[in-house]
Structures are given as structure tokens and as C-alpha cells.
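Notes follow the structure.
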Amino acid sequence: MNRTTLSLIAGTAALAAVTGFATLNEPKGAGADDPAKAAAVLPVERTSLLCPAPSTSDIAQTSYTSFTPVTKGTGSDGTAELAAATEESADPADDTSDKDKKTDGTGKTGETDKPDKADKTNKDDKSGKGDKGGKKAEKSVVTPKEPGTPATGDTDGGDSPALVGTAEGKFAPGWTVQETTEVAAGSGRGLLGVTCTPADTEFWFPGASTAADRTDYVHLTNPDDSAAVADIELYGKDGALQTTVGEGITVPPHSSEPILLSTLTDAKEDDLTVHVNVRGGRVGAAVQALDDKLGGDWLAAATDPAADLVVPGIPKDATAVRLVVYAPGDADADLKIQLASPSGLITPAGHETVHVKGGMTTAVDLGDVTRGEAGSIVLTPTDRPVPVVAAVRVLRGKGGDQESAFIPASAPVGTRASAVDNTAKGATLSLTAPKGTAKVKVTASAGSEGGTAASKTYTIKSGTTQDVELPVPTGLKGTFALTVEPLTDTPVYAARTLAATEEGVPGFTIQTLPDDRGTVEVPQADENMAVLQK
């Protein structure tokens with residue numbers, strides 16, 4: 001018997017031994033028909049947010065508020081910083097290894113960045129350490145001390161940059177940052193607010209405009225070490241508009257680019273849908289809509305196209321509501337328009353339905369549809385479901401004292417969501433349960449300068465919208481955060497209104513409260529030696 005034959009026999013015997021061991025020691029419950037174990041729900045370990053440059057007005061006053069709700073399961077360590085998105089002129093000779101400069105988006109349990117969109121922000125560069133030929137980053141605008149208590153920071157004037165924020169450890173789950181700007185005079189005067197958002201690769205903004213009295217900018221902020229490339233598409237009442245430089249817009253690393261919509265097209269459209277499609281890298285995006293007569297605000301991205309949409313939190317004293325809807329693709333959409341009022345779902349007289357042609361933007365003036373009561377717009381298909389995106393522009397006040405704000409269609413609260421920079425008299429929380437009765441817990445955090453947290457539980461009846469009486473921290477000093485947690489499985493939508501009067505003008509801004517993505521499901525896995533038998 002030759003050596004090759006002996007080796008084959010020995011190898012076969014070894015494999016049989018391993019197979020026998022696997023058979024005798026197969027883990028309990030490892031059979032093919034056994035159900036998989038439920039995924040563990042764990043707090044995220046890292047969150048990244050982007051805030052656009054607030055204003056070009058010399059008289060702008062901007063405040064930033066950072067807040068992380070207390071989350072079970074986090075450790076005792078963590079940091080959070082919000083610093084300028086300063087462009088870095090990196091030395092190509094230093095760019096020899098991506099591994100040295102990029103943070104693996106899958107490297108930490110439950111990271112909020114999507115696994116295939118790695119967060120490339122160099123943490124050391126952001127803190128001014130290890131800077132290789134680039135500009136030293138500014139210090140953090142806001143530095144929170146503990147979860148459960150808001151931290152604030154202020155800037156003045158029109159030179160404030162876009163900000164890039166990163167929270168890790170105990171500060172990461174549900175980290176929320178609000179940018180609020182007061183402009184007393186000029187185009188877009190009033191109160192402008194936006195919730196800082198994660199970077200992504202696609203955004204929809206129904207409600208923008210290139211009309212003569214509007215000055216709208218798309219702000220694109222790139223947090224990464226490599227350039228991002230984005231296309232901006234504009235859709236009006238007759239379909240896609242021809243744009244001159246809307247394709248292949250490059251956003252350099254660690255920088256922000258405001259793009260004036262009127263420079264992309266010669267068309268003057270009252271109602272536009274802006275589509276930002278990022279084909280290289282990722283960015284944060286928001287539209288700043290400034291009106292010469294009606295004030296201004298930020299238009300946040302609408303939720304992804306869907307056949308059913310909810311636009312929550314229309315103020316009860318709204319004097320005019322304009323609904324803007326766009327249907328991506330070629331299919332037309334026919335939608336039922338309803339208002340979720342405190343007493344239930346009602347149909348606005350004369351605006352029962354809206355027909356939206358495929359690839360075109362349609363606007364509907366609903367007037368003072370709320371008529372002194374809290375309300376939310378509910379859109380549902382009348383026939384076959386066709387995905388659409390939507391937003392509303394809201395006016396308050398009359399004559400020369402009018403001010404405007406925008407509310408995009410929103411995703412439901414989900415597990416939890418927070419809204420920050422609230423005051424005892426200047427904040428309104430609106431809750432909507434369009435598909436069933438829901439119970440909701442609302443917690444008011446400790447104040448940024450003192451106070452003790454408080455909470456209340458509310459029941460929101462099916463098909464209604466309620467402006468709830470807010471819990472207020474005991475001994476409140478400064479501003480506080482509101483955290484909304486549904487206690488039932490019924491979808492709940494929420495929006496928060498901030499109001500402030502500047503020189504007699506009723507300034508206000510509205511932010512929706514989608515899920516804060518503070519937790520993530522992590523599947524459990526066990527060894528299964530039975531695969532060796534197959």
C-alpha cells in the first residue's frame with residue numbers, strides 16, 4: 001500500500017471522527033425546523049448628525065441644543081461633540097490607507113449608519129489631533145455632560161458654518177440636536193428651525209420654489225474624507241425641469257455647499273419638488289426657504305415615497321395651508337385628503353381628493369383648514385396604491401405680520417423620538433393616531449440649567465390629533481427636551497411647534513418626530529455543527 005493510499009485512509013477516518021463528534025454533540029435546538037431565537041434589542045453605540053449652516057444674515061442669532069434620552073443597557077463612558085464641518089486639504093501622500101482614515105460602519109454594535117455607507121469621519125482630525133496638512137477643526141459648539149439633560153450653545157451673525165456631530169457610547173442612543181435661528185428682519189425673517197440629521201444618499205423635498213419672492217437653497221453637507229457627488233432634480237407642475245448645473249455637483253470632504261435653486265433653472269415655479277440623489281459618497285441635505293414677505297423656515301426631507309402619508313402637527317391657528325404632492329415615476333396617483341381633527345377624521349369641503357400626475361408636482365390650497373383646532377393631513381389612495389411624497393406650507397398671522405413654516409410627511413414615532421429646545425410657554429406637542437387608539441408617554445427632561453424631569457401619559461383616540469398639555473420640569477431653568485414613547489402598537493405621528501414673537505411678528509417653526517433609531521435588533525447566533533453532515 002503506497003503513501004498516497006495511507007494518507008487518504010487517514011483523512012477519511014479523521015473526517016468520520018469529526019462528523020461523529022458533531023452528531024453526538026449537536027447543540028440543542030439546532031435542527032432545521034427549530035425557530036430562530038428572537039433578536040436582542042441593544043442601544044446603538046455611535047450616532048452621526050449633520051447641521052446645515054444656519055443663516056447668511058448679520059443679525060441672525062442661532063442656538064444649538066443637544067440631548068440624549070436616558071437609555072437602559074448603555075455603559076458609563078461616551079462622548080458627544082458638534083464641530084464645524086471644516087474643509088480639509090489633505091496631503092495625497094498621506095492618503096495611503098483607507099483603513100487608517102475610515103471608521104467601519106459595521107464595526108460597532110448597532111451603529112446608526114447603514115452598513116454599506118461607512119462613516120469616514122476621522123475622529124482625531126475633528127478634535128484637532130493628528131491633523132495631516134488640513135485645517136484644525138473648531139472646538140465643539142455643544143458639549144453635553146450627561147444623558148437626560150440638554151446642553152446648549154449659541155452663535156451669532158451670518159458666518160456660522162455647517163456642523164458635523166458624533167456621539168458615542170452612552171450619548172449615542174437617540175441623540176437629537178436642534179438648530180434654531182431667529183432673524184428679526186429681511187428676507188426670511190422669523191424663526192427658523194431644523195433637526196440635524198444623519199447623512200444619506202437620497203432626499204425628497206416637496207414644497208420648494210423658484211418664484212420671484214422666494215430664495216431657496218439646498219444645503220449639502222459632506223462629513224466624510226472623500227468628495228461626494230450629487231444630482232439635484234427639480235419637478236414642477238409640468239414635470240421635470242431642465243437644469244443647467246444640477247448634475248454631478250461635487251461636495252468636497254468635510255464641507256457644506258448651499259446651492260441656490262434659481263441658478264439651476266430659468267423657470268419660475270411656485271411649487272417644486274427637489275430630488276437629491278447622491279451617486280458618490282453621502283451627504284446631509286435640507287432646503288432653506290426664504291420669502292421676501294412671508295418669512296422663512298427650513299424644509300426637512302419628507303419620508304420615503306409611500307401610498308399612505310401623514311403630515312402631522314398643523315397649528316390650530318393656521319391661516320393658510322398649502323399641500324404639495326409629487327408622484328415619482330410614470331403612474332398617476334389619486335388620493336383622498338382627510339384632516340385628523342380632535343374629534344376624528346373629516347374631509348375638507350371642496351378638497352375631498354387630489355389627482356397627481358406621474359412625474360409632476362401638484363399643489364392644493366386648503367385655506368384655514370384647521371379652523372381653530374389641532375389637525376394633521378392624512379393622505380390615502382382612492383384606488384390603486386401609488387407611492388408619493390408630500391409636505392405642507394403653513395402660514396400664521398395676517399397682512400404684514402405673516403410667517404411661514406413647512407411640515408413634511410413623516411414616518412411614525414416608532415419606539416421613541418425626542419424634540420429639544422422647548423420652553424414652558426413657547427412649545428406645542430401634537431400627537432396623531434390615524435389608524436387606532438394609542439397610549440403615549442411624554443417625558444419632559446431636566447432643564448438645561450436646572451429642574452427635575454416629569455412625565456405624563458395620554459390616550460389619543462383613533463383618527464384624531466391632540467395638542468397635549470405638556471409636562472413641565474419642576475423648577476425649570478433653561479430649555480428642556482420632550483421624549484415621546486408610544487405604549488401601544490398603534491402607529492403614532494408627532495410634531496412639535498416652537499413659537500416666538502419678534503417685533504410683533506409671530507415667528508414659529510415645526511419639526512416632525514420620527515423614530516430616533518436609538519436601538520437596533522441584533523440577531524442571536526449559535527454554532528451548528530450539523531452543517532458538516534450536509
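May I ask you to work out the translational diffusion coefficient for the stretch 319-374 at 37 °C, viscosity 0.692 mPa s, via Stokes-Einstein with Rh from the Kirkwood sum over Cα pairs, reported in whole µm²/s? Mind showing how you got there, number by number?
Values: Rh = 12.2 Å.
Roughly 269 µm²/s, to the nearest whole number.
Extension gain Lys268-Val522, at 0.36 nm per residue separation less the Cα-Cα distance, in nm?
Numbers: separation 254, 0.36 × 254 = 91.44 nm, distance 4.92 nm.
The Lys268-Val522 span can extend by a further 86.5 nm.
Taking 45 Å as R0, compute the FRET efficiency from the Cβ-Cβ separation of Lys336 and Thr250 and round it to 0.05.
The formula returns an efficiency of 0.60 here.
If Lys and Arg each add +1 and Asp and Glu each add -1, what is the summed charge of the other residues whose beta carbon sits under 14 Å from the beta carbon of Gly463? Mind showing how you got there, number by number?
Details: positive: Lys336, Lys435, Lys461; negative: Asp308, Glu373.
Residues near Gly463 contribute +1 overall.
With a point put 7 Å past each Cα toward its Cβ, work out how far Asp159 is from Leu487 in nm, to one decimal.
Each label point is offset 7 Å from its Cα along the Cβ direction, giving 5.2 nm.
Got a sec to turn the phi values of the stretch 224-238 into Karplus ³J(HN,Hα) couplings, 6.51 cos²θ - 1.76 cosθ + 1.60 with θ = phi - 60°, whole Hz, x for Gly and Pro?
9, 7, 10, 5, 10, 10, 10, 10, 10, 10, 10, 10, x, 5, 10
What share of all Cα pairs of the stretch 169-304, in percent, falls into each consecutive 10 Å distance bin?
12, 40, 35, 11, 1
Please sort by residue number the trypsin sites (Lys or Arg not before Pro) in the stretch 228-298 whose DSSP state is loop and whose Cβ has at most 15 other Cβ atoms within 10 Å.
Values: sites: Lys237, Lys268, Arg279, Arg282, Lys293; in loops: Lys237, Lys268, Arg282, Lys293.
Filter output for the stretch 228-298: Lys237, Lys268, Lys293.
Suppose R0 equals 25 Å. What FRET efficiency, 1/(1 + (r/R0)^6) with r the Cβ-Cβ distance, do Thr437 and Ile346 give to the nearest 0.05? Intermediate values should be presented prior to the final figure.
Working: r = 18 Å, r/R0 = 0.71.
The computed FRET efficiency comes out at 0.90.
Would you mind computing, in nm to one decimal, how far apart the modelled labels at Thr382 and Ser226 are, each placed 7 Å from Cα along Cα→Cβ?
In this crude spin-label approximation the distance works out to 4.8 nm.
Would you mind pulling out the separation of the Cα centroids of the stretch 479-493 and the stretch 288-330, in Å?
Using only Cα atoms to place each centre, the spacing works out to 22 Å.
According to the Kirkwood expression over distinct Cα-Cα pairs, how big is the hydrodynamic radius of the stretch 333-468, in Å?
Details: mean 1/r = 0.0582 Å⁻¹.
Evaluated over the stretch 333-468, this radius sits at 17.2 Å.
Determine by what factor the alpha-carbon radius of gyration of the stretch 420-516 differs from 2.2 N^0.38 Å, reporting the quotient. Don't skip to the end; give the middle numbers.
Values: Rg = 13.9 Å, N = 97, 2.2 N^0.38 = 12.5 Å.
Cα Rg divided by the expected 2.2 N^0.38 Å: 1.11.
Each reported figure results from applying straightforward, stated rules to the coordinates on display, with no laboratory input. For clarity, every value in this text was computed on a predicted model and none was experimentally measured. Neighbour counts run over all protein chains shown; Cβ positions are idealised from the backbone, glycine included.
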